[in-house]
Amino acid sequence: MRRVTRNLLIAIALVVVALLALGALPSYLGSGDPYYLTAEPIETNETAADVNNVSDRRYPFLTSAIASDDGRSEGYQTGPYGVKEWFTHTPFDEVDALTQQVPGAASGDGVRVRRGGQAYYVEVVQP
């Protein structure tokens, strides 16, 4: 095998390994206090985003917060230098997506949602 061909194959292999690492590694990175998505039951007749048919694959923090006993999702830690946020799904992404879908449901730092006839106020908190 020629030297140029071998170097090209090594470079391609290194790029593939780096891309695979970027796909898996960011979920293991984390620093600081965790953020939680909280879902607090509320009584309201105001506009709320309908989340009856949302997938737990697309909204894992929201569905786990609504299903949990304490109304809180699993923790999310930000990564160093903001790199993790580029490659992973965050609770901030979920609140932003719901706010964009139903702008009238936004309230303060969170959003009102409705699931199964119950309304919730959903926001990201850091205790």
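The values are calculated or read from the model by the stated rules, or taken from the named source; none is laboratory data. Every value quoted in this text rests on a predicted model; they were computed, and no experiment measured them. Every residue, glycine among them, receives a Cβ derived from its backbone with ideal geometry; neighbour counts consider all protein chains shown.
I need a count of the residues in segment 28-55 that are farther than 14 Å from Tyr76 by Cα, among the hydroxyl-bearing types (Ser, Thr, Tyr) and in contact (Cβ under 8 Å) with a residue 24 or more places away in the chain.
Residues of segment 28-55 that are farther than 14 Å from Tyr76 by Cα, as a first pass: 39-55.
Add one more test, that the residue is among the hydroxyl-bearing types (Ser, Thr, Tyr), and what stays is 44, 47, 55.
Next, only the ones that are in contact (Cβ under 8 Å) with a residue 24 or more places away in the chain stay: 44, 47.
Final tally of qualifying residues: 2.
Out of Ala24, Ala13, Ala18, I need the residue that is at negative phi and at pLDDT 90 or above. Which one? Break it down into steps so the answer makes sense when it comes.
Values: Ala24 fails: at pLDDT 90 or above; Ala18 fails: at pLDDT 90 or above.
Being at negative phi and at pLDDT 90 or above holds for just one of Ala24, Ala13, Ala18, which is Ala13.
When Arg58 is evaluated against the numbered criteria (1) without any contact (Cβ under 8 Å) to a residue 12 or more places away in the chain; (2) more than 18 Å from the chain's Cα centre (by Cα), which criterion, by number, is the only one it fails?
It fails just one condition, (2).
Mind listing whichever residues of segment 68-127 are of a type in the set (Gly, Ala, Ser), within 13 Å of the chain's Cα centre (by Cα) and under 13 Å from Asp50 (Cα atoms)?
Ala97
Which condition does Gln118 not pass, out of (1) at pLDDT 90 or above; (2) out of contact with any helix residue (DSSP H, G or I) (no Cβ under 9 Å at 6 or more places or on another chain); (3) polar (S, T, N, Q), if it passes all the others?
Condition (2) is where Gln118 drops out.
For Tyr120, state whether it is touching a Pro at 6+ places or on another chain (Cβ under 7 Å), surrounded by 12 or more Cβ atoms within 10 Å (Cβ to Cβ), over 30 Å from Leu19 (Cβ atoms) and touching a residue at least 40 places away in the same chain (Cβ under 8 Å).
Taking the combined requirement at face value, the residue satisfies it.
Yes/no matrix, rows are residues, columns are (1) among the β-branched types (Val, Ile, Thr); (2) surrounded by 13 or more Cβ atoms within 10 Å (Cβ to Cβ); (3) under 17 Å from Gly117 (Cβ atoms):
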| site | (1), (2), (3) |
| --- | --- |
| Glu40 | no, yes, yes |
| Asn45 | no, no, yes |
| Val51 | yes, yes, yes |
| Asp56 | no, no, no |
| Thr63 | yes, yes, yes |
| Ile66 | yes, yes, yes |
| Gly71 | no, yes, yes |
| Gly75 | no, yes, no |
| Trp86 | no, no, no |
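Is there a residue being modelled with pLDDT under 95, assigned to a loop (DSSP other than H, G, I, E, B) and of a type in the set (Ser, Thr, Tyr) anywhere in segment 62-81?
yes
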